[in-house]
1. What are the residues in the range 47-57 that are under 18 Å from residue 295 (Cβ atoms) and either buried (at least 18 other Cβ atoms within 10 Å of the Cβ) or modelled with pLDDT under 80 (or both), if any?
2. Condition first: outside any helix (DSSP H, G or I), farther than 20 Å from residue 133 by Cα and in contact (Cβ under 8 Å) with a residue 60 or more places away in the chain. Now tell me which residues in the range 147-193 satisfy that.
3. Take residue 30 and decide whether it is surrounded by fewer than 10 Cβ atoms within 10 Å (Cβ to Cβ), out of contact with any helix residue (DSSP H, G or I) (no Cβ under 8 Å at 6 or more places or on another chain), assigned to a helix (DSSP H, G or I) and without any contact (Cβ under 8 Å) to a residue 24 or more places away in the chain.
4. Determine whether the range 178-191 contains at least one residue that is more than 19 Å from residue 246 (Cβ to Cβ), surrounded by fewer than 17 Cβ atoms within 10 Å (Cβ to Cβ) and at pLDDT 85 or above.
5. Restricting to the range 58-84, and then to whatever is in contact with a helix residue (DSSP H, G or I) (Cβ under 9 Å, 6 or more places away or on another chain) and without any contact (Cβ under 8 Å) to a residue 60 or more places away in the chain, can you tell me which residue is farthest from residue 266 (Cα to Cα)?
6. Restricting attention to the range 194-214, and to residues there that are assigned to a helix (DSSP H, G or I), touching a helix residue (DSSP H, G or I) at 6+ places or on another chain (Cβ under 8 Å) and without any contact (Cβ under 8 Å) to a residue 40 or more places away in the chain, which single residue is surrounded by the most Cβ atoms within 10 Å (Cβ to Cβ)?
7. Of (1) surrounded by fewer than 17 Cβ atoms within 10 Å (Cβ to Cβ); (2) in contact with a helix residue (DSSP H, G or I) (Cβ under 7 Å, 6 or more places away or on another chain); (3) more than 27 Å from residue 50 (Cα to Cα), residue 253 satisfies all except one. Which?
8. So residue 246 passes all but one of these: (1) in contact with a helix residue (DSSP H, G or I) (Cβ under 7 Å, 6 or more places away or on another chain); (2) farther than 25 Å from residue 132 by Cβ. Which condition number does it fail?
């Protein structure tokens, strides 16, 4: 009868911890907890300061002026989303093209220099973009708007009476697109560069052109990162204040026309323009609109996270 050899039980091996490791671990955990506490504090502040606006009598509120709160904030929500979506439509094709040129077409020296320029553009203050949009771009774009209105006025987007100043929602959207373009381009560039080299070489070895290789190998791998870049850019466009404030005036209009003087207004611009004159429950109303913007931004980020996680298993990144 053969004796059964018992396998010795090996105890749990614990890695040796050093003081630097404990300090780094504690700092990382503390930073994460601090972010959560800050977010919770901001949420509590917004909710607490918004309650009086929800319960106030619209007839006595200096900002609502007899209008229910939901009727007051609905055009602002529309303007915020509409301007941000327009900016995303304008900037996304440009960002993809620039990122592809840097990562797969340009020579190394040109790509490095262009990458530095794109990164520097992300550091330009928003007030500079606002000044450029209000003082320069609006005047340059006005003849183009008039031409579009005269020749394509049968399309609802280009209908109505064209603005004589060029300060339209389309101008604001172009300014926002220029603002978010560096962030979106930088992220997409890094995502495109992470495509496995073997995937690209395999596509080229099968006889694919460079563009076909990008469509078959780069885009499927980078889809999740591209969505992340777009949602990050959308989040910045939703919360932008100065650029839109310096181009548009406050208006409660709800319209899809891009070239008229009657334009929707975004929540950040409305808060910036109305906060100085607000008092009493009027301040609570503006804070309540900020709470609505906070919720919209949170929903956008949650949706982006869901899309990225859903596409991760098909991207080839795992």
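1. Correct list: 50, 53.
2. Those that are outside any helix (DSSP H, G or I), farther than 20 Å from residue 133 by Cα and in contact (Cβ under 8 Å) with a residue 60 or more places away in the chain: 159, 160, 161.
3. No: the conditions fail for residue 30.
4. yes
5. Within the range 58-84, the subset in contact with a helix residue (DSSP H, G or I) (Cβ under 9 Å, 6 or more places away or on another chain) is 58, 60-65, 69, 72-73, 76-77, 79-84.
Subsequent filtering for residues that are without any contact (Cβ under 8 Å) to a residue 60 or more places away in the chain retains 58, 65.
Values: 58: 21, 65: 19 Å.
Ranking the qualifying residues of the range 58-84, first place goes to 58.
6. 213
7. Here residue 253 meets the rest and fails (3).
8. Going through (1) in contact with a helix residue (DSSP H, G or I) (Cβ under 7 Å, 6 or more places away or on another chain); (2) farther than 25 Å from residue 132 by Cβ one by one, residue 246 breaks only (2).
The values are calculated or read from the model by the stated rules, or taken from the named source; none is laboratory data. Model, not experiment: these values are computed from the prediction. With ideal geometry, Cβ positions are generated from the backbone for all residues, glycine too; neighbour counts draw on all protein chains shown.
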